[in-house]
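The structure under discussion appears below in the form of structure tokens.
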Ligand SMILES: CC(C)(COP(=O)(O)OP(=O)(O)OC[C@H]1O[C@@H](n2cnc3c(N)ncnc32)[C@H](O)[C@@H]1OP(=O)(O)O)[C@@H](O)C(=O)NCCC(=O)NCCS
């Protein structure tokens, strides 16, 4: 699986002002940030929040939960502000009925967020809805139960086929399903066991959704950046160019 070249942006140094790239309809921009960043990044995030969000930060009892919210929301505002050419605090965010966030000033600037294992990842597209899911690969005591509960017989046999690959394949299928549910904005409404995917020649394909006969032409892709994480995307559009950015 090919890893993209990552371009780093130092939030404190003005990099974002000097070399921020426009997002074209042919591209998908991927961003990531550590949820334990430098003091400079934390300060930029603090400054990016709206008044209501600054109030909300104070309500979180655990410092790490507080910081996760501050960074994930702050960086989202910084990036949306850049794409829209406005101040981060001026970005107006709304939520669709099942909770998927969108930008009120430009609902055609599609984005989605995920966090796991101390990192937050973002995907932006102008082509259409997008879903991203991130999981830190980690041992799970109830792995076999999870496989049985959430995957079809064919998916289970693929996941179980090579024991050395089992955990990785589990998280791959898990994130594919999550990213699909997040792209369509449905969250929990479709049960994961009603979705069936396959991987052939490294291509991820949706085979079927129980109860649905009509679905859009979604594409699915794993976009690796670190061997201990799985980052998966569901997106629309052919011949898409991916750009990978990291905030440091
Ligand atoms: C929101 C949901 C879709 C993803 O949550 P998650 O994996 O726990 O968390 P992630 O970090 O990946 O994503 C959270 C972000 O997704 C976004 N989000 C929230 N609701 C969403 C929805 N309906 N659609 C798309 N994105 C959504 C938000 O930006 C949220 O961040 P916030 O809480 O800071 O606002 C989850 O609630 C859910 O319903 N998942 C499906 C459950 C399932 O059975 N999965 C099994 C797959 S095999």
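Before we move on, is residue 158 under 27 Å from residue 102 (Cβ atoms), assigned to a helix (DSSP H, G or I) and in contact (Cβ under 8 Å) with a residue 24 or more places away in the chain?
no
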- When the range 135-154 is checked residue by residue, the ones that are at pLDDT below 95, within 14 Å of the ligand (Cβ to nearest atom) and in a helix (DSSP H, G or I) are 149, 150
- Where residue 190 falls short, out of the listed (1) surrounded by 11 or more Cβ atoms within 10 Å (Cβ to Cβ); (2) within 19 Å of residue 134 (Cα to Cα): (2)
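From the list 232, 228, 175, which residue is at pLDDT 90 or above and surrounded by fewer than 16 Cβ atoms within 10 Å (Cβ to Cβ)?
None of the other options fit; the residue is 228.
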- Task: Return yes or no: is residue 113 within 21 Å of residue 226 (Cβ to Cβ) and more than 13 Å from the chain's Cα centre (by Cα)?
- Result: no
- Query: Hey, which of the helices (runs of 4 or more DSSP H) in the range 1-78, taking only ones fully inside, have at least 3 residues that are loosely packed, with under 13 Cβ neighbours inside 10 Å, more than 20 Å from the chain's Cα centre (by Cα) and at negative phi?
  - Reply: 15-19, 51-59
- Criterion (closer than 23 Å to residue 173 by Cα, touching a residue at least 40 places away in the same chain (Cβ under 8 Å) and buried (at least 20 other Cβ atoms within 10 Å of the Cβ)) met by exactly one of 125, 116: 125
- Query: Which members of the range 112-128 meet the condition of being farther than 20 Å from residue 78 by Cα and within 12 Å of the ligand (Cβ to nearest atom)?
  - Reply: 116, 117
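One line per residue, one yes/no per condition, for (1) away from the ligand (no atom under 13 Å from the Cβ); (2) part of a helix (DSSP H, G or I); (3) within 17 Å of residue 159 (Cβ to Cβ); (4) in contact with a strand residue (DSSP E or B) (Cβ under 7 Å, 6 or more places away or on another chain):
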position	(1), (2), (3), (4)
174	no, yes, yes, yes
182	no, yes, no, yes
199	yes, no, yes, no
205	yes, no, yes, yes
- Taking the range 184-197 and keeping only residues that are more than 23 Å from residue 229 (Cβ to Cβ), touching a helix residue (DSSP H, G or I) at 6+ places or on another chain (Cβ under 7 Å), touching a residue at least 24 places away in the same chain (Cβ under 8 Å) and within 10 Å of the ligand (Cβ to nearest atom), one is left with 193
- Query: How many residues, within the range 79-106, are farther than 20 Å from residue 126 by Cβ and either assigned to a loop (DSSP other than H, G, I, E, B) or within 16 Å of the ligand (Cβ to nearest atom) (or both)?
  - Reply: 5
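The values are calculated or read from the model by the stated rules, or taken from the named source; none is laboratory data. Being a predicted model, the structure only gives us computed values, none of them experimental. With ideal geometry, Cβ positions are generated from the backbone for all residues, glycine too; neighbour counts draw on all protein chains shown.
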